[in-house]
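Engineer: Below is a structure I'd like to ask you about.
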Amino acid sequence: MAEHGGGPAERGGPPAEQRVLFPPTFSVSEIKNKQRRHFMFLRWKQQQRKEKLAAKKKRRKEREALGDKAPPKPIPKTIENQRVYDETTVDPNDEEVAFDEATDEFAPYFNRQTVPKILITTSDRPRGRTVRFCEQLATVIPNSHVYYRRGLALKRIIPQCIARDFTDLIVINEDRKIPNGLVLSHLPDGPTAHFRMSSVRLRKEIKRKGKEPTEHVPEVILNNFTTRLGHSLGRMFASLFPHDPQFIGRQVATFHNQRDYIFFRFHRYIFKSEKKVGIQELGPRFTLKLRSLQKGTFDSKFGEYEWIHKRREMDTSRRKFHL
């Protein structure tokens with residue numbers, strides 16, 4: 001006896017390839033069985049990827065068909081380009097900014113009246129990882145010297161640094177044998193920045209690292225410091241390095257600000273051709289997050305703060321940045 005009807009394709013329905021696997025109101029969370037829910041979630045993700053890839057191929061074919069008449073590609077939305085406008089964004093042609101730069105604490109450095117001389121120290125009784133990090137940081141910053149605290153308070157260290165013509169003081173703090181904080185104080189008049197440090201990687205922990213850095217003065221790249229606060233930090237980082245880099249060393253230190261996180265990298269580059277450049281990371285690497293900026297040198301008790309990061313008040317929007 002012959003069966004009537006047939007499959008969905010014979011009855012005029014859509015073929016199996018074009019059938020929608022999930023209804024529009026489908027929610028994976030409604031499935032009670034955990035294994036079934038996980039399986040259906042993977043199938044749903046696979047379907048989403050297929051639909052996205054099909055739409056991408058369709059758009060590419062349309063652009064190829066239109067040729068030169070094709071509309072420009074839309075700019076993808078990111079947190080960076082959707083950033084909330086900051087009133088303190090620096091305009092390079094602003095006369096007020098130029099006047100502040102000519103009279104701030106870093107003016108002697110940028111006028112070539114001082115030569116950077118850096119003292120790097122640690123918290124009391126540093127562990128091996130923090131000691132090695134300080135030693136490697138000293139190979140990155142020219143004319144820097146590593147000394148250990150031996151129980152001295154910073155208020156006693158700073159006058160000694162000024163008497164010995166040091167221009168900056170860097171203090172590396174640690175917690176549970178891991179470097180977790182950095183205090184940078186510009187001498188003799190400040191300011192002092194306190195950073196939270198994370199993602200510290202020493203040279204031996206970096207994959208495909210280059211050979212040991214040479215003693216050549218590196219180039220410095222300061223990227224994306226756009227506000228008045230970020231501009232001050234950029235000038236503070238720049239004042240750690242001498243003015244005239246030795247290009248023969250092909251070494252570059254980068255401070256890249258992204259979403260108020262400052263990523264530090266130290267590379268060596270080589271020109272492979274007129275258009276291609278190869279880079280090799282030398283290390284160390286770390287990430288900084290500004291916690292406070294204080295006027296003058298370090299004074300935890302009576303210091304006057306220019307800026308303090310208050311999470312509950314300042315981090316109300318993911319698109320609001322301060323640097």
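The values are calculated or read from the model by the stated rules, or taken from the named source; none is laboratory data. Remember, predicted model here, so these are calculated numbers, not experimental data. Cβ: placed from backbone, ideal geometry, glycine included. Neighbour counts: every protein chain shown. What goes into the accessible areas is simple: the full protein's heavy atoms, side chains included, and nothing from ligands, DNA or RNA. Shrake-Rupley method; radii C 1.70, N 1.55, O 1.52, S 1.80 Å.
Engineer: Enter the Cα centre distance for the pair segment 141-169 and segment 26-103, rounded to the nearest angstrom.
Structural biologist: So the two Cα centres are separated by 47 Å.
Engineer: Go ahead and run the numbers for FRET between R49 and E135, Cβ-Cβ distance against an R0 of 51 Å, rounding to 0.05.
Structural biologist: Rounded to the nearest 0.05, the efficiency is 0.60.
Engineer: Expected output is a single nm value to one decimal: the length gained when fully extending between E212 and N81, i.e. 0.36 nm times separation in residues minus the C-alpha distance. What is it? Provide the component values of the computation, followed by the final result.
Structural biologist: On the way: separation 131, 0.36 × 131 = 47.16 nm, distance 3.77 nm.
Full extension of this stretch gives 43.4 nm more.
Engineer: Could you tell me what fraction of 2.2 N^0.38 Å the Cα radius of gyration of the chain comes to, as a two-decimal ratio?
Structural biologist: 1.42
Engineer: What order do you get for 160-166, 189-195, 130-136 when each peptide is scored by the mean count of other beta carbon atoms within 10 Å, highest first?
Structural biologist: With the highest mean Cβ count within 10 Å placed first, the list reads 189-195, 130-136, 160-166.
Engineer: Check each of the GluC sites (Glu not before Pro) in segment 219-323 and keep only those in coil by DSSP with at most 13 other C-beta atoms within 10 angstrom; list them in order.
Structural biologist: When the GluC sites (Glu not before Pro) of segment 219-323 are filtered for loop state and at most 13 Cβ neighbours within 10 Å, E274, E304 remain.
Engineer: Given the rule -39500 (n - 2.57) for each run of at least 4 DSSP H residues, summed and divided by the residues of the chain, what is its mean residue ellipticity at 222 nm, to the nearest 500 deg cm²/dmol? Walk me through the intermediate numbers first.
Structural biologist: Numbers: 7 runs with 84 residues, N = 323.
The helix contribution divided over the chain gives -8000 deg cm²/dmol.
Engineer: Estimate the FRET efficiency between D104 and K177 by the formula 1/(1 + (r/R0)^6), using the beta-carbon distance for r and 35 Å for R0, to the nearest 0.05.
Structural biologist: My answer for the efficiency is 0.40.
Engineer: With r defined as the distance between the Cβ atoms of R311 and S27 and R0 fixed at 35 Å, what FRET efficiency is calculated, to the nearest 0.05?
Structural biologist: 0.55
Engineer: In whole percent, what relative contact order does the chain give with Cα contacts below 8 Å and a gap of six or more residues?
Structural biologist: So the answer I get is 16 percent.
Engineer: Additional query: Quantify how much of the Cα-Cα distance distribution of segment 156-256 extends past 23 Å, in percent.
Structural biologist: 41 percent
Engineer: If you count only protein heavy atoms with a 1.4 Å probe, what accessible area per residue comes out for the chain, rounded to a whole Å²? Numbers along the way, then the final one.
Structural biologist: Numbers: 21950 Å² over 323 residues.
Heavy-atom SASA per residue in the chain reads 68 Å².
Engineer: Another one. How long is the gain from F39 to D68 if the chain were fully straight, where each residue apart is worth 0.36 nm and the alpha carbon distance is subtracted?
Structural biologist: Gain on extension, F39 to D68, equals 6.0 nm.
Engineer: Count the DSSP beta bridges whose two residues both fall in the chain, then state the antiparallel fraction as a percent rounded to the nearest 5.
Structural biologist: Numbers: 42 of 55 bridges.
Of the beta bridges lying entirely in the chain, close to 75 percent run antiparallel.
Engineer: How do the peptides 282-289, 115-122 rank, highest first, by the average count of neighbouring beta carbon atoms within 10 Å per residue?
Structural biologist: Averaged packing, sorted descending, gives the order 282-289, 115-122.
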